[in-house]
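Worksheet: one structure, shown below.
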Amino acid sequence: MNAIWLYPPDGIYFYRPVFSPDGSSVVFEHTPLHTTSSTLYICATSVFGARGDGSAATPFLKDAPAGVQSRPDWSLANGEVAFQIDSALHTCDQSGGSIAAVKNGAGLAYPAWYPKAAALMAIIDGEHALTKLDFSGNRSPITPSGWYAGMGTVNQATPSQIAFAGQINNGLPYDQNDNQIWLYDGSGDPTQFDDQQGRAPWYSPDGTQLVFESNRGGNYQIWLSANGGDPDAITDPAWGAQHAKFSPDGKTIVFAGIPPGLQRMGLGILTVPS
């Protein structure tokens, strides 16, 4: 389990990375310590493990509206990036320009692309439910009543299939630390992946593998399930690894984690076990 790392500069931590469609770069949250004032930055993957200090990372968005920039997802289909500015969804082109607010995208979080960049899946703030938002501004509910739903991912090979982090609504307040991974195809009830804690699932581009974060081993690690099988931990528990996403070829993942010798989040890239 050897990762190559991008260490954050002093006073900064990194979070929620995503690969570009060609796998040559990563966009991620760049946040001063003890704040929530994140800005999206970009860095070439070739820098990971080489210089390793994050100094090659640069701001990603050009002429962005004021507000906290967060939760990017990069479309493999058209190269656009979906992200949040405060609590509203936006998109931009692959260079960080042409920023546009998504129609009817206010009050949504954690955008995730559908295949062919046809729509976005997102969480409705305050409702803990997932919705599908097309670019005409039409919203279609995804998750049924009876569940609290958190961050979700669309199977790019079978877009009717999603995975999400959530829990049964038993009348108690939502607590993301109690989330489990659920699978849902739009009919009946969601299926529980397993009975252990899990968050932030993400499908591989071919839909055959699923990664997610879980503290079932005591500390947060990235767990990998291939072809619906039992998951295996693929990161070191010392890293506190979270928010993994696959490369476009499905051979590596990028994640946020604590690099060796540091006490705050940087970014790691890890080869997916065969």
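The values are calculated or read from the model by the stated rules, or taken from the named source; none is laboratory data. All values reported here derive from a predicted model rather than from experimental measurement. Positions of Cβ are backbone-derived with ideal geometry, glycine not excepted, and every protein chain shown enters the neighbour counts. Just so you know, the surface numbers come from the protein's heavy atoms only, side chains and all, with ligands and any DNA or RNA stripped out. Shrake-Rupley method; radii C 1.70, N 1.55, O 1.52, S 1.80 Å.
Can you tell which of ASP125, ASP206 is over 20 Å from ARG71 (Cβ atoms), open to solvent by 60 Å² or more (accessible area, probe 1.4 Å) and under 18 Å from the mean Cα position of the chain (by Cα)?
Checking each option against the conditions leaves just ASP206.
In region 184-203, which residues are in a loop (DSSP other than H, G, I, E, B) and open to solvent by 20 Å² or more (accessible area, probe 1.4 Å)?
Correct list: ASP185, GLY186, SER187, GLY188, ASP189, PHE193, ASP194, ASP195, GLN196, GLN197.
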Identify all residues within region 209-251 that are surrounded by 17 or more Cβ atoms within 10 Å (Cβ to Cβ), under 25 Å from SER75 (Cβ atoms) and not hydrophobic (A, V, I, L, M, F, W, C); write none if there are none. GLN209, GLU213, SER225, GLN242, HIS243, LYS245, SER247
Can you pull out every residue in region 162-183 that is closer than 23 Å to PRO72 by Cβ and either in a loop (DSSP other than H, G, I, E, B) or modelled with pLDDT of 95 or more (or both)? ILE162, ALA163, PHE164, ALA165, GLY166, ASN179, ILE181
Conditions: (1) in a strand (DSSP E or B); (2) without any contact (Cβ under 8 Å) to a residue 12 or more places away in the chain. PHE28 meets all but one. Number of the miss? (2)
Tally time: how many residues in region 88-114 are open to solvent by 30 Å² or more (accessible area, probe 1.4 Å) and over 23 Å from ASP63 (Cα atoms)? 0
Counting just the residues of region 252-274 that are open to solvent by 40 Å² or more (accessible area, probe 1.4 Å) and touching a helix residue (DSSP H, G or I) at 6+ places or on another chain (Cβ under 8 Å), which one comes out modelled with the highest pLDDT? ILE258
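Do you know which of the residues in region 134-161 that are among the aliphatic types (A, V, I, L, M) and in a loop (DSSP other than H, G, I, E, B) is least open to solvent (accessible area, probe 1.4 Å)?
ILE142
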Identify, by number, the condition in (1) modelled with pLDDT under 95; (2) within 17 Å of MET265 (Cβ to Cβ); (3) open to solvent by 20 Å² or more (accessible area, probe 1.4 Å) that ALA50 doesn't meet. (2)
Selection count, region 229-265, where residues are touching a residue at least 12 places away in the same chain (Cβ under 8 Å), in a loop (DSSP other than H, G, I, E, B) and within 14 Å of THR208 (Cα to Cα): 7
Cβ pairs under 9 Å, 6+ apart, first in region 168-184 and more than 24 Å from GLY218 (Cβ to Cβ), second assigned to a helix (DSSP H, G or I) and open to solvent by 60 Å² or more (accessible area, probe 1.4 Å): LEU172/ASP178
Please tell me if ILE4 is modelled with pLDDT of 95 or more, β-branched (Val, Ile, Thr) and open to solvent by 30 Å² or more (accessible area, probe 1.4 Å). yes
Note on region 110-133: residues in contact with a Leu (Cβ under 8 Å, 6 or more places away or on another chain) and part of a strand (DSSP E or B) are PRO111, ALA112, TRP113, ALA119, LEU120, MET121, ALA122, ILE123, ILE124, THR131, LYS132, LEU133
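What residue, among those in region 72-84 that are of a type in the set (A, V, I, L, M, F, W, C) and open to solvent by less than 10 Å² (accessible area, probe 1.4 Å), is farthest from VAL102 (Cα to Cα)? First the steps, then the outcome.
Our first condition is that a residue be of a type in the set (A, V, I, L, M, F, W, C); within region 72-84, this holds for 74, 76-77, 81-83.
In the following step, the residues that additionally are open to solvent by less than 10 Å² (accessible area, probe 1.4 Å) were identified as 81-83.
Values: VAL81: 12, ALA82: 9, PHE83: 10 Å.
Only one residue fits best here, namely VAL81.
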